1. Which numbered condition trips up T143, out of (1) surrounded by fewer than 17 Cβ atoms within 10 Å (Cβ to Cβ); (2) within 13 Å of the chain's Cα centre (by Cα)?
2. What is the number of the single condition among (1) outside any loop (DSSP other than H, G, I, E, B); (2) over 18 Å from A151 (Cα atoms); (3) under 16 Å from the mean Cα position of the chain (by Cα) that S40 does not meet?
3. Given L52, L57, L90, L131, which one is among the aliphatic types (A, V, I, L, M) and farther than 23 Å from P185 by Cβ?
4. State whether the residues of region 66-82 include one that is of a type in the set (V, I, T), without any contact (Cβ under 8 Å) to a residue 40 or more places away in the chain, within 30 Å of V126 (Cα to Cα) and assigned to a loop (DSSP other than H, G, I, E, B).
5. Test of understanding: among S81, S72, which residue is exposed (fewer than 14 other Cβ atoms within 10 Å of the Cβ), touching a Gly at 6+ places or on another chain (Cβ under 6 Å) and either on the phi < 0 side of the Ramachandran plot or of a type in the set (D, E) (or both)?
6. Looking at (1) under 24 Å from I180 (Cα atoms); (2) surrounded by 19 or more Cβ atoms within 10 Å (Cβ to Cβ), which one does A10 not meet, given that it meets all the others?
7. For residues that are among the basic types (K, R) and surrounded by fewer than 18 Cβ atoms within 10 Å (Cβ to Cβ), scanning just region 84-123, find the one that is farthest from the chain's Cα centre (by Cα).
Amino acid sequence: MDFVTSLPSALTEPSRRFFAEWHRWRGPGWRDLGLVPQHSVLNTDKLGELLLRCLLLEIRGRDAIPIRFAGSMVGEMLGASLMGRNYLDLTEPENRTRRAALLFAEVAQPCAAVIYYWLRTPNGAVVPVELVSAPLCADGETTPSLVLACATPLVRNGDQANSVEPESYAEGEGLRFIDIGAGLPPVGPDIHVAQRVQ
């Protein structure tokens, strides 16, 4: 399986660069070493300006997914610092279980993902954002517990979208899991996980 050439054709160039770099972290013998790279091989220099758009999530439990890193562009887009916050707090209470289940699905049967958000500013402008993500293992672990994500605005916004309405990123659309070599998680047509997730 050539992961990079198998990516969905609609992905933006920055998202493709993100996935290509993540794939390099796996190393040439990734089939033997494991599907998911260790956190220690994450090369922030190679990510370049993409790092400004990245989030690193640590999956501790169904109610605790702290944001360990948030690039400055993410904070500018959302008009708030996200470092240390619980990723689940960025959505409405009724969406938290679903959001956690989808992240657990991404690490339980390791895969990458793409989803789209429609950020709205108070003046009514809409900034569509493509968010891609891929799992990482904490150093010394063989089961992923980290998810690195990268956001790419699909249009330029003169206002820098520095105060978007929080409800506009409470729920994304068009989630698609991407096979990294372990198949895809079983999900139903409404994107709910179709089997148990730890």
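Each reported figure results from applying straightforward, stated rules to the coordinates on display, with no laboratory input. This one's a predicted model, so the numbers in the text were calculated from it and none came from an experiment. Don't worry about glycine lacking a Cβ; one is built from the backbone with ideal geometry, like all the others, and counts go over all protein chains shown.
1. Going through the list (1) surrounded by fewer than 17 Cβ atoms within 10 Å (Cβ to Cβ); (2) within 13 Å of the chain's Cα centre (by Cα), T143 breaks only (2).
2. Of (1) outside any loop (DSSP other than H, G, I, E, B); (2) over 18 Å from A151 (Cα atoms); (3) under 16 Å from the mean Cα position of the chain (by Cα), only one is false for S40: (3).
3. Working: L57 fails: farther than 23 Å from P185 by Cβ; L90 fails: farther than 23 Å from P185 by Cβ; L131 fails: farther than 23 Å from P185 by Cβ.
On inspection, the qualifying residue turns out to be L52.
4. Filtering region 66-82 for residues of a type in the set (V, I, T) gives 67, 74.
From what is left, the residues that are without any contact (Cβ under 8 Å) to a residue 40 or more places away in the chain are 67.
Of the ones still in play, those that are also within 30 Å of V126 (Cα to Cα) are 67.
Retained after the next criterion (residues that are assigned to a loop (DSSP other than H, G, I, E, B)): none.
The answer is no, given that none of the residues of region 66-82 is of a type in the set (V, I, T), without any contact (Cβ under 8 Å) to a residue 40 or more places away in the chain, within 30 Å of V126 (Cα to Cα) and assigned to a loop (DSSP other than H, G, I, E, B).
5. Details: S72 fails: touching a Gly at 6+ places or on another chain (Cβ under 6 Å).
Unique residue meeting the criteria: S81.
6. (2)
7. So in region 84-123, the residues among the basic types (K, R) come out as 85, 96, 98-99, 120.
Pick out the ones that are also surrounded by fewer than 18 Cβ atoms within 10 Å (Cβ to Cβ) and you get 85, 98, 120.
On the way: R85: 16, R98: 15, R120: 20 Å.
Ranking the qualifying residues of region 84-123, first place goes to R120.
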